Amino acid sequence: MRVSGVREFLGDEAGAIAVDWVVISATIVAMALAVVAVASNGVESVSDDIVAEVSDDEIIFASQNFGRGYEAYLREADWQSRSGQQQVNLFNTLTDPERRSDAQLRNQHRNWSNRAADPSYSNPGQAADRVAVYELAMDVRGVEPHSGY
């Protein structure tokens, strides 16, 4: 009886169809996982690029200043002591870490802030202009001022 049960099992074709469906389903699932893996890498790369562009400080600054970037803002502002181009040159110097360290930038900001607050300083317009440029440069570089300034 045992031999006839094995022959019957081997001769039954209903099991073969079930196996075919299992193999086909497994193939479809594997292909779907492969497509998702490939697509997710591309989507992640694009989303990282979008986040980097949107969070760029100059883009945020421009959105708050009617589409003007740092240099356009500095050229067009109403300065009391220097031309807009001179302010741009100063700004470029201050934002270059090779030319000014964070400590130098912070200390110069404190010095000009003290001059701007001193009623006896001989050129308050120059001090106010310098403080504004230093604050913008510090914001761009992510440098915090000394406490109290």
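Is region 62-105 rounded, prolate or oblate when judged by the Cα gyration tensor, a ≥ b ≥ c being the square roots of its eigenvalues, rounded requiring a/c under 1.5 and prolate requiring a/b larger than b/c? Intermediate results must be reported in sequence, preceding the final value.
Working: a/c = 2.68, a/b = 1.49, b/c = 1.80.
Since a/c reaches 1.5 but b/c is at least a/b, the shape of region 62-105 is classed as oblate.
Anyone know which of V19, V46, V38 comes out most mobile in the 10 Å Cα GNM of the chain?
V19
Counting only the heavy atoms of the protein chains, how much of D129 is accessible to a 1.4 Å probe, in Å² to the nearest 10?
10
Mean-square fluctuation check for the chain, GNM, Cα pairs under 10 Å: which of L33, L74, L105 is largest?
Fluctuation is largest for L33.
Please check: in the Gaussian network model of the chain (C-alpha springs, under 10 Å), which one of A39, A128, A18 has the largest mean-square fluctuation.
The residue with the greatest mean-square fluctuation here is A18.
What does the helix-only formula give at 222 nm for the chain: each DSSP H stretch with n ≥ 4 adding -39500 (n - 2.57), the total divided by the residues, and the result rounded to the nearest 500 deg cm²/dmol?
-24500 deg cm²/dmol
What does the charge count around L105 come to, taking other residues whose C-beta lies under 13 Å from its C-beta (Lys +1, Arg +1, Asp -1, Glu -1)?
On the way: positive: R99, R100, R106, R110, R130, R141; negative: D96, E98, D102, E135, D139, E144.
Computed value for this residue: 0.
Taking square-rooted eigenvalues a ≥ b ≥ c of the alpha carbon gyration tensor, is region 81-135 rounded, prolate or oblate, where a/c under 1.5 means rounded and, failing that, a/b exceeding b/c means prolate?
Details: a/c = 3.30, a/b = 1.36, b/c = 2.43.
The shape class here is oblate.
Which one, [x] 23.4; [y] 18.0; [z] 13.5, gives mean projected area of the Cα convex hull in nm² as derived from the coordinates shown?
Looking at mean projected area of the Cα convex hull in nm² for this model, the match is [y].
The values are calculated or read from the model by the stated rules, or taken from the named source; none is laboratory data. These numbers were taken from a predicted model, which means no experiment stands behind them. Methodologically, a virtual Cβ is constructed for each residue, glycine included, from the backbone with ideal geometry; neighbour enumeration extends over all protein chains shown. What goes into the accessible areas is simple: the full protein's heavy atoms, side chains included, and nothing from ligands, DNA or RNA. Shrake-Rupley method; radii C 1.70, N 1.55, O 1.52, S 1.80 Å.
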